[in-house]
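One structure is given here, and the rest of the page talks about it.
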Amino acid sequence: MDKTNITMKELPLSERPYEKCMQYGADVLSDAELLAVVIRTGGRGERATELATRVINSAPGRRIGGLFQMSLNQLSEIHGIGKVKAVQLKCLTEITKRMMVQGFPAGRLLCTEPGKVAAYFMPKMKFLEYEQVRLLVLNGRNILEHEIIISNGSFNSAVASPREIFYNALKYKAVSVIVLHNHPSGDPSPSREDILLTKRLSDTGGMVGIPLLDHIIIGDNRYVSMKESGYGL
């Protein structure tokens, strides 16, 4: 029998994510089942869980976290998703990002502990497909006053000159600064270029009177603090 859409109600009771969630809790659902609850219906001759599985397999890394890296157009081009479901999925990823940083009041992030700084920026940066450099402008109490995107680069590099970083530091009246960038590979281990850049930024900061407190590299649920690692800070 040809079905235009296979809904949750047409699934066997044991395969309905709604019922499984109510009976056993959301934590027992697979990634595909969780996604199926959001998209609700499948395509022609396809269950919602099967469509959800295809969506996950279309994401970078073939994992649900790869949805963060997909644009609205990329999602809508998946057969069976379309514009409405694509918008739902983009809103889902945005809600997730905002929930992950909810514990940090906007504009009042105290930047004295690298782990807390990394935790705040992890959901904003770890899913990017390209390297991005951000400048954190701090006040005299090491509280974040401004967050500036300095550059967006390629998969394995982003250009960030000391001149541009400290031009912005002076422009926004920074007392001190922290520089962050991400590694799309997920491995935050510093490259030779990262180490050299940290030394140059530290030297420049010393000359202009705006110290570099740290250079933090964001990976996939991991980070490296150049200060904690002893790279010239």
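Which of the residues belonging to segment 112-126 are open to solvent by less than 10 Å² (accessible area, probe 1.4 Å) and either closer than 20 Å to residue 229 by Cα or touching a strand residue (DSSP E or B) at 6+ places or on another chain (Cβ under 9 Å) (or both)?
Restricting attention to segment 112-126, the residues satisfying the condition of being open to solvent by less than 10 Å² (accessible area, probe 1.4 Å) are 117-118, 121, 123, 125.
Passing the criteria: 117, 118, 121, 125.
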- Task: Return the residue satisfying two criteria in turn: it lies in segment 178-203 and is of a type in the set (S, T, N, Q) and touching a strand residue (DSSP E or B) at 6+ places or on another chain (Cβ under 8 Å), and of such residues it is most open to solvent (accessible area, probe 1.4 Å).
- Result: 189
- Task: Name every residue in segment 204-233 that is in contact with a Pro (Cβ under 7 Å, 6 or more places away or on another chain), crowded, with 17+ Cβ neighbours inside 10 Å and over 19 Å from residue 129 (Cβ atoms), in order of residue number.
- Result: 204, 205, 214, 216, 224, 225, 226, 227, 231
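In this structure, does residue 129 turn out to be open to solvent by 80 Å² or more (accessible area, probe 1.4 Å) and assigned to a strand (DSSP E or B)?
Working: open to solvent by 80 Å² or more (accessible area, probe 1.4 Å): yes; assigned to a strand (DSSP E or B): no.
In short, no.
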- Condition broken by residue 62, with the remaining ones in (1) open to solvent by 30 Å² or more (accessible area, probe 1.4 Å); (2) modelled with pLDDT under 85 satisfied: (2)
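Would you tally the residues in segment 17-30 being surrounded by fewer than 15 Cβ atoms within 10 Å (Cβ to Cβ) and in a helix (DSSP H, G or I)? Steps first, please.
Here is the first cut: in segment 17-30, the ones surrounded by fewer than 15 Cβ atoms within 10 Å (Cβ to Cβ) are 19, 22-28.
Now narrow it down to the ones that are in a helix (DSSP H, G or I): 19, 22-24, 26-28.
Total satisfying the criteria: 7.
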- Message: Looking only at segment 65-96, count every residue that is more than 22 Å from the chain's Cα centre (by Cα), farther than 30 Å from residue 183 by Cβ and surrounded by 15 or more Cβ atoms within 10 Å (Cβ to Cβ) and tell me the total.
- Response: 1
- Item | Residues being part of a helix (DSSP H, G or I) and either free of Cβ contacts under 8 Å to residues at least 60 places away in the same chain or on the phi > 0 side of the Ramachandran plot (or both) - total across segment 67-78 | 7
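The values are calculated or read from the model by the stated rules, or taken from the named source; none is laboratory data. Because the structure is predicted, anything quoted here is derived from the model rather than measured. Don't worry about glycine lacking a Cβ; one is built from the backbone with ideal geometry, like all the others, and counts go over all protein chains shown. Remember, those area values only see protein heavy atoms, side chains included, never the ligands or the DNA or RNA. Shrake-Rupley method; radii C 1.70, N 1.55, O 1.52, S 1.80 Å.
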